[in-house]
1. Considering only strands (runs of 3 or more DSSP E) fully contained in the stretch A:1-118, which possess at least 3 residues that are more than 33 Å from the chain's Cα centre (by Cα) and touching a residue at least 12 places away in the same chain (Cβ under 8 Å)?
2. Restricting to the stretch A:136-178, what's the tally of residues that are free of Cβ contacts under 8 Å to residues at least 60 places away in the same chain, among the hydroxyl-bearing types (S, T, Y) and surrounded by 15 or more Cβ atoms within 10 Å (Cβ to Cβ)?
3. Exactly one condition in (1) more than 14 Å from chain C (Cβ to nearest Cβ); (2) within 14 Å of ligand 1 (Cβ to nearest atom); (3) in contact with a helix residue (DSSP H, G or I) (Cβ under 9 Å, 6 or more places away or on another chain) is not met by B:E142; state its number.
4. Looking at the stretch B:175-226 only, could you name the residues that are among the hydrophobic types (A, V, I, L, M, F, W, C) and within 14 Å of chain C (Cβ to nearest Cβ)?
5. Tell me, yes or no, whether the stretch C:21-34 has at least one residue that is farther than 24 Å from A:M682 by Cα, more than 10 Å from the chain's Cα centre (by Cα), among the charged types (D, E, K, R) and away from ligand 1 (no atom under 16 Å from the Cβ).
6. Exactly one condition in (1) at pLDDT 95 or above; (2) in the same structural domain as A:A644 (by TED's automatic domain parsing) is false for A:V390; which is it?
7. Here are C:C91, C:C41: which of them is under 21 Å from B:M44 (Cα atoms), of a type outside the set (S, T, Y) and within 16 Å of ligand 3 (Cβ to nearest atom)?
8. Taking only the stretch A:145-198 into account, find how many residues are assigned to a strand (DSSP E or B) and among the aliphatic types (A, V, I, L, M).
Amino acid sequence: MHTGESLRPSVGTNVVRVDGAQKVTGGARYVDDLPPRPGELHGATVRSRVARAVLRGVRLDPTFDWSDVTVVTAADVPENVVQLIVDDQPVLAAERIHHRYEPVVLLACADRDKLARAVEAVLLDVDELPPVLTIEEALRARDVISGTDNVQKRYLITKGAPDIVRDAAPSDEARATEEAILRELEACEVVVRGEYSTHHQEQLYIEPQGMIAWWDDAGVHATGSIQCPYYVHKAMKRAFHLEPERIHVTQAVTGGGFGGKEEYPSLVALHAALLAKKSGRPVRMIYGRTEDIEATTKRHPAHCTVATGCDRDGTLRALMMRVVMDGGAYVTLTPVVLSRGILHAGGAYRWEHARIEGVAVATNTPPNGAFRGFGAPQTVWAIERHLDAVARELGMDPGVLKRQNLLVTGDTTPTGQAMRGEVGIHECVRRAFESSGYLERRRLGAAVSGRKARGIGCAIFLHGGGFTGSGERLLKGKAAVDLAPGGRLVVRSGSTDIGQGTETVFAQLAADAAKLPLDRVSVATPCTTYVPDSGPTVASRTVMVVGSIVERAAAEVAARVAAVRQPGESFATAGDRLLAREGTVTSLLQYESPAFVKWDDVRYRGDAYPVFAFMCDVAEVEVDLDTFEVTVLRFWQAADVGRAVHPLMCEGQLEGGTLQAIGWALSEELVWKDGAILNPRMTNYIVPTALDAPPFDTMLVEHPYSEGPGGGAKGIGEMPMDGGAAAIAAAVEHATGLAMNHLPLTPERLFAHAGARAVEAR
Amino acid sequence: MSVVDLPRYPFARAGSLGELCSLVHERCASGERTVLLAGGTDFMAEVSQSPRRDGPLPLVVDISRLPELGAIEWDGRTLRLGAGATYRELAEHHAVREHAPLIARMTSDIGGPTIQARGTLGGNLATASPAADGVAALAAYEPTVVLASVRGERKVRMADFHTGYKRTSRADDEIITAIEVAPPPPGSPWHWRKVGTRQAQAIAKVALGAVAALDGTRITRLGLGMASVGPTTALLPKTRALLVDGSPRDVDLAQLDAAVAADISPIDDIRSTGAYRLHVAKALVRELVRSLANL
Amino acid sequence: MIAKVTLTVNGAARTVEAPPLTRLLDALRGPLGLTGAKEGCGEGECGSCAVLLDGVPVNACLVALGQCEGREVVTVEGLGEPRHLAPLQACMAEHGGAQCGICTPGMLIAAESLLRSNAQPSAVEVRRAIAGNLCRCTGYDRIVASVLAAAEALRATRGASVSAGAPVRGAAE
Ligand SMILES: Cc1cc2nc3c(=O)[nH]c(=O)nc-3n(C[C@H](O)[C@H](O)[C@H](O)COP(=O)(O)OP(=O)(O)OC[C@H]3O[C@@H](n4cnc5c(N)ncnc54)[C@H](O)[C@@H]3O)c2cc1C
Ligand code: FES
Ligand code: FES
């Protein structure tokens, strides 16, 4: 073993977060807190005001004084592409307008007032075209805005009978597999069909998007509010045709992301850098709230059509689901979101036969993108609400029905992935049910008192950690640990702390691996010049995947120190001697996907994720029978997190994620008209306040993941977003009998659904 | 994005009410515009969120510390609420809590603590939004608005003050100095219910304020104010006529619903729907009648 | 138009020369060099710009600098420093009240204002006090727990010398 100073491990304890003191004193520097650089200009974006058009040209009002305004158009972009999965999104629109907030012209000026006037002095000549604004319109394909049929991506997952015919008839797999699943459904004692839909959701991080960019002899620099510095790096490399070492992307302290700062900041950085290049000055680009809500990515709306077959005793047999997502104007991350969506469509349940189809379509709305849960909340909503409907049909309690069909060790998911090790979901369900009194209170029925009714409902779900399928193998995430003077370690990784506590957790993992006290470890600011590409800070992979590299690297450095350490000598002295001799002592390691992960990307078969985390939510609500206002009185949640490296922060992730699910379920709703958002403000995009949030009973269940760091951590960042909405809908149904299949459950929608019943109800 | 407008506004601070009246009057006379700045919770937010403006901007006059506007006084019959008193000050004032408990209660539903700390009734009345909670709650007391100008003091019933969507009968050179309330005796029943977009930082989808006096089971006095169901705060005259002089226990609910429907004209907007608002308006009035019947 | 405004900021007299309708928030973040208060919305909704003005919590995005002549402003920087955290700040860091931290300065100001007038708040009172401060990260429970822990810590340190309900200063020792 490595011989550091012996001490108590910090993993599993609630050490004070390493950035805590800075954050509670106002000392933490978010991008707009950074002092202006000499000569700095403000940047602004001129956007299209129509949803779909041919862009004929850009005119600058000749009566306006443009002498001190920098103007950038598509012609100024060396290669007009935002690097991501498909090369369809331009940095600035050149010929076509695909959504109402599409960037067309960039302006920079030292004077903010003049800048605002300049934005109005840019005139866009456009020929408007009829826009495609909804999933239905896109599928109808009367107007084709993408490819030949508006479809951005398709997937098919098959299991059991459909899978057998699929191999037999690869050229006709769509029809053959559908016929096969329909046969299986027909053979079932009880068949239930339903449709379930979900709406856009805005991340609404409290710090808007922002970036500062400048050029110097070393190349281009961009510092800002970002989740994935290397995404920005790659986008710069492509658009500017730069050598990688001439691009320096740095994360400033970031005020929340939730996916919203995964791919979008590439655009902000490119814009700021274009202006900086043309003006020869640093450019600061900070979005206002309205611009941020209008132009940046949101959660994909989805429409799911479900049919299931089961025995009369509730044993589930066959699942057929078609998931259609609205990708928005450009492909961005939609294929991956759709993929995660369909991979979670079977829920935490055992299905003998399954056919799950995913389709993403293009619309003339801003591209939808990453948002915590990444497709899973949409399909978990569908499967959970559908099982509630099955339970209704069978006259069973939905919680009992779900519990009786949960996956156990050795069972396989719709992709054929076998559950390895202990399946923690059972303990999650037991603890959430017991602590909430779920079964007893369901038996008692709704508690009606005066004009208020209380009900309780549950959702049970799983969430895969890390990139899907072979993603991690292709990604080759890296992280490094350096030995520094005085027996200190420095962790270098491209994973960012956007509030979830990456810095603290990495320090904990490295300290324990090297057997050093926590304060001997520091974590370097993610700057692409100094840190390796760890892969993006997404997909619940930071602790589970990157954390495991950090752990190994720290152990390796400690071992090298141990090898030269003499009896009685301290780690610091030995380390300094080693450093003096070698110059640098570093361990740079790459992630190794566990050998057992086998994935067929063509057939979507195999181990979609190395491991799943599990969760059971129980929500208690009170519904006002007059106004249909829903109050979440209390929320129980039990999650199998593998191993909680920092229990308090882990609970904080679960609670924060669940509150986002509650907001999505009850109040958050973008109002659209002709491709425009009518409520792009905090006063009318309604997220929960402290008075809307329930008290949480959060329970951590720990069934370690064999390959997880810190003794078995799984990825949990996104999971809590998945089930909250369904738990609330079940509770609302329990309280009122109103069975809602479409989100959100605003009072207006509950009222409309209740229809005549509402009026006679007293 | 037009916070950029803010630095361009001319600004002055008023030392006294008299000075303010003269200043505003003179500017009016010469055709120049003036905006009074009290808590700024309407004005500053409005300017920051509106499109940028070209051309001359009005003079902004800070009235947030004018002593003449801040006082809250009870003379044994009339409660005089200074137009510049903040919601926070109203909530903490013993005379308000005792004589106009509905007002004290309403303040806790305004925005959040920081808005309550700055916002004033004068601003709420002057902005004249149909969603104004302060106006809906005050309306239940059938108060009088006190206006000052170089011509002296003018009193106008609040029922006559709000004349249309965001319109009032205030002359351009008049300043709201106070709202006078002649409350029913302490202990009289009152009712407040706000149905908003969320539990705090919420704009009313519907809100109802009511103040009553009863003689036995007979309703002898009833003041009503309802927010967000028409172009101005609704005073629900037909509903009131149906209820006054009767017993809340004998009300025909179908008639009551019909009266409410006839009294209001709710519309669809980004916050809610007309149909929902109508339904909730009826339900809130029924709730009021139930609570009066259960006294 | 440029005005010269003299005010007290975190205990020190400061003079700012700026247009009078400059938002207090911009004056603090710009000429006064205090970037603790943040701009999340610019319309009074999010509370991340909250400061104390004459001891009362306000949204600095809705206050005009010209309205602050002679007044006293306290920002998050005035509550304590990294090496000398006020109990409220320490509790916020220790009990999970700050994740991304962008709402934290405003939360601390709202909580400070509560604890000055209420030494023993209930959980619901804490929720009311921070109802004008949006947090998208925590789910609020940990913030409530942090403030309750701070109230307890303050009661323990001030102990018998301060009766319940007396103003409690959360400043650094
Ligand atoms: C986040 C937020 C939440 C809010 N929540 C609510 C809510 O829940 N319910 C609600 O009703 N309102 C709400 N409001 C609106 C606002 O707070 C209130 O209308 C408040 O009462 C306005 O008062 P003020 O002093 O801040 O007005 P200011 O902004 O100072 O002034 C508003 C207007 O009134 C005029 N004015 C002010 N005082 C006088 C006077 N004495 N005589 C003549 N004219 C005058 C001004 O010239 C200006 O045109 C909210 C606002 C915000 C920003
Ligand atoms: S920035 Fe002031 S309240 Fe949001
Ligand atoms: S900690 Fe991120 S918004 Fe509150």
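The values are calculated or read from the model by the stated rules, or taken from the named source; none is laboratory data. None of these values were measured; they are calculated from a predicted model. Note: ideal-geometry Cβ built from the backbone for every residue, glycine included; neighbour counts use all protein chains shown.
1. A:53-60
2. Of the residues in that region, 0 qualify.
3. Failed condition: (2).
4. If the condition is that a residue be among the hydrophobic types (A, V, I, L, M, F, W, C) and within 14 Å of chain C (Cβ to nearest Cβ), then B:A200, B:A202, B:I203 are the ones that fit.
5. Looking through the stretch C:21-34, none of the residues is farther than 24 Å from A:M682 by Cα, more than 10 Å from the chain's Cα centre (by Cα), among the charged types (D, E, K, R) and away from ligand 1 (no atom under 16 Å from the Cβ).
6. (2)
7. Unique residue meeting the criteria: C:C41.
8. 6
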